[in-house]
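The values are calculated or read from the model by the stated rules, or taken from the named source; none is laboratory data. As the structure is a computational prediction, the values presented were derived from the model and not from experiment. Positions of Cβ are generated from backbone atoms using ideal geometry, with glycine treated the same way; all protein chains shown enter the neighbour counts.
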Amino acid sequence: MKPTIIYFTGIYDTLDLFTQELKTAFEEMGYLSYTYDAREQEKSKQGLLDLLSQRERGAASFAVVTFNNLGYNLALPDGQNLWENFQIPYLNILMDHPFHYEKPLRNAPETSVVLCTDRNHVKYIRRFFPNIRRTDFLPHAGVELRCRHKPLRERGIDVLYAGALPIYTVERMIPDFTSLPEVNGEELVKNVLDELVRHPEKTTEAAIEAYLASVRNDISSQRLQEIITEMRFLDSYAVSFFREQAVRILVESGVKVTAYGTGWNQCEWSCNPYLTYGGKVSAPEILPLMNNSKIVLNTMTWFKAGAHDRIFNGMLAGSAVVTDDSAYLRREFTDGRELAMFSLKELAALPERVFHLFGHMEAAQEMADCGYRAAKERHTWKSRAEYLAECFLENFC
């Protein structure tokens, strides 16, 4: 008998959207479901405990499929971790870099499997979290709004960017540099940011480690990981820099860009008439906007060996997707066939690439159609659910 899968909802709308897609896919495969709604904590926990009592009678098996550590620390009245007590597999899909989740990963249930959306994140987990026994790569996936796809020529938005500028929201992550007695914190920040701007193919952790090695030779692996965690705001700064530059260079070249998410109205160039700022909207509200966009523009959240759901959402919306590249994307797709890729080192060429698509709309439509077929076949949450079932759920339960 297939296990009942436990999900967590009610905290982040984006994760709720992904969770519902996974839940639907698993149910189509014959799995039962239990949803723990964080908005009804007491009711959900009691319902979960009642459900798990079936395990003690040998009547059912269970597994957790969750995002970003949700529910990892649920405990029984005696304080014991619930998942460890019942020996329930806890499949934890991280949508962001692991250095954002130091405490929950360090205290993860012993039954955890951590799935990372970038292969470099898998390496990071294996290097710095020996308590995590199993980790694997699970790429982002897309959500399709099931409706008619208008031809690109009939769409009302020329270029859509759906994502915030994190530089305006990460102040709370900046540490007191006195917590870094080994090095000059301001020098570290300047050096690492300069390195990431000059060499955007590098990961943030690699740039930090290289700088530390250049000034000290006595920093332990544990302390290195602590410093990387403390300085993780640099990752968001690098993301924000290139995200802003990508949109700015387009609007200053005369390309109409519609941007959603916090921060776009705070740039010094926000008054540019080619920029339309739509404010902050929820994840489900982005999907119809993509379905009305000729081009969906993406820049990574500094994923150098992964992807982002913006890419697959855009492809499933039938849009022409334009994105910075990564090792994963270069292996998975061909530039110009399913999507258009550019290098962050060559942002100056981005407007020409976009103008070319607008000037060759039939070719752009063909690319969008090819991208849709590729995403529909291999990059939905149904595809990810099938992978999880084959590699983990069938082996565990």
* Report the residue count in the stretch 322-341 for those that are over 24 Å from residue 204 (Cα atoms) and either touching an Asp or Glu at 6+ places or on another chain (Cβ under 8 Å) or without any contact (Cβ under 8 Å) to a residue 12 or more places away in the chain (or both). => 2
* Structure fact -> Within the stretch 154-197, the count of residues that are closer than 19 Å to residue 247 by Cβ, assigned to a helix (DSSP H, G or I) and modelled with pLDDT under 95 comes to 3
* To do: Please verify whether the stretch 45-56 includes one or more residues that are in contact (Cβ under 8 Å) with a residue 24 or more places away in the chain and under 30 Å from residue 126 (Cα atoms).
  => no
* Check whether at least one residue in the stretch 131-153 is in contact (Cβ under 8 Å) with a residue 24 or more places away in the chain and farther than 26 Å from residue 379 by Cα, and report yes or no. => yes
* What is the number of the single condition among (1) charged (D, E, K, R); (2) surrounded by 16 or more Cβ atoms within 10 Å (Cβ to Cβ); (3) assigned to a loop (DSSP other than H, G, I, E, B) that residue 310 does not meet? -> (3)
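Of the residues that make up the stretch 226-248, is at least one closer than 26 Å to residue 95 by Cβ, in contact with a strand residue (DSSP E or B) (Cβ under 6 Å, 6 or more places away or on another chain) and buried (at least 20 other Cβ atoms within 10 Å of the Cβ)?
Let us first name the residues in the stretch 226-248 that are closer than 26 Å to residue 95 by Cβ, namely 226-247.
Retained after the next criterion (residues that are in contact with a strand residue (DSSP E or B) (Cβ under 6 Å, 6 or more places away or on another chain)): 247.
Next cut, buried (at least 20 other Cβ atoms within 10 Å of the Cβ) only: 247.
Yes.
Does the stretch 40-53 contain at least one residue that is within 25 Å of the chain's Cα centre (by Cα) and buried (at least 20 other Cβ atoms within 10 Å of the Cβ)? Please lay out each step first, then the result.
Looking only at the stretch 40-53, we keep the residues that are within 25 Å of the chain's Cα centre (by Cα), and these are none.
No.
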* To do: Taking residue 206 as the residue in question, decide whether it is in a helix (DSSP H, G or I), out of contact with any Cys (no Cβ under 9 Å at 6 or more places or on another chain) and loosely packed, with under 12 Cβ neighbours inside 10 Å.
  => no
* Only one of (1) at pLDDT 95 or above; (2) touching a Leu at 6+ places or on another chain (Cβ under 8 Å); (3) farther than 30 Å from residue 166 by Cα is not met by residue 86, so which one is it? -> (1)
* To do: Being surrounded by 20 or more Cβ atoms within 10 Å (Cβ to Cβ) and under 21 Å from residue 193 (Cβ atoms) is the filter; apply it to the stretch 265-303 and report the residue that is farthest from the chain's Cα centre (by Cα).
  => 299
* Asked: Given (1) assigned to a loop (DSSP other than H, G, I, E, B); (2) crowded, with 16+ Cβ neighbours inside 10 Å, where does residue 36 come up short, assuming only one miss?
  -> (1)
* List, please: which pairs have Cβ atoms under 9 Å, are six or more places apart or on different chains, and start with a residue in the stretch 257-283 that is in contact (Cβ under 8 Å) with a residue 60 or more places away in the chain and end with one that is basic (Lys, Arg) and surrounded by fewer than 17 Cβ atoms within 10 Å (Cβ to Cβ)? -> 260/280; 261/280; 262/280
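How many residues are β-branched (Val, Ile, Thr) and within 23 Å of residue 375 (Cα to Cα) when one looks only at the stretch 133-173?
Taking the stretch 133-173 as the starting set, the residues that turn out to be β-branched (Val, Ile, Thr) are 135, 143, 157, 159, 167, 169-170.
So of that shortlist, the ones also within 23 Å of residue 375 (Cα to Cα) come out as 143, 157, 159.
So the answer is 3.
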* To do: Search the stretch 9-31 for residues that are closer than 16 Å to residue 68 by Cα and pair each with any residue that is part of a loop (DSSP other than H, G, I, E, B) and modelled with pLDDT under 95 when their beta-carbon atoms are under 9 Å apart and the residues are at least 6 apart or on different chains.
  => 13/282; 14/282; 17/282
* The listed residue being surrounded by 13 or more Cβ atoms within 10 Å (Cβ to Cβ) and part of a loop (DSSP other than H, G, I, E, B), out of 115, 70, 91 -> 70
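From the list 359, 371, 314, which residue is within 22 Å of residue 253 (Cα to Cα), modelled with pLDDT of 95 or more and small (Gly, Ala, Ser)? Before you say what the answer is, go through the steps one by one.
Details: 371 fails: within 22 Å of residue 253 (Cα to Cα); 314 fails: within 22 Å of residue 253 (Cα to Cα).
Only one candidate passes the filter, namely 359.
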* To do: Kindly check whether there is at least one residue in the stretch 241-252 that is over 25 Å from the mean Cα position of the chain (by Cα), more than 27 Å from residue 338 (Cα to Cα) and not in a loop (DSSP other than H, G, I, E, B).
  => no
* For the stretch 214-232, what are the residues that are more than 12 Å from residue 188 (Cβ to Cβ) and either touching a residue at least 60 places away in the same chain (Cβ under 8 Å) or in a helix (DSSP H, G or I) (or both)? -> 221, 222, 223, 224, 225, 226, 229, 232
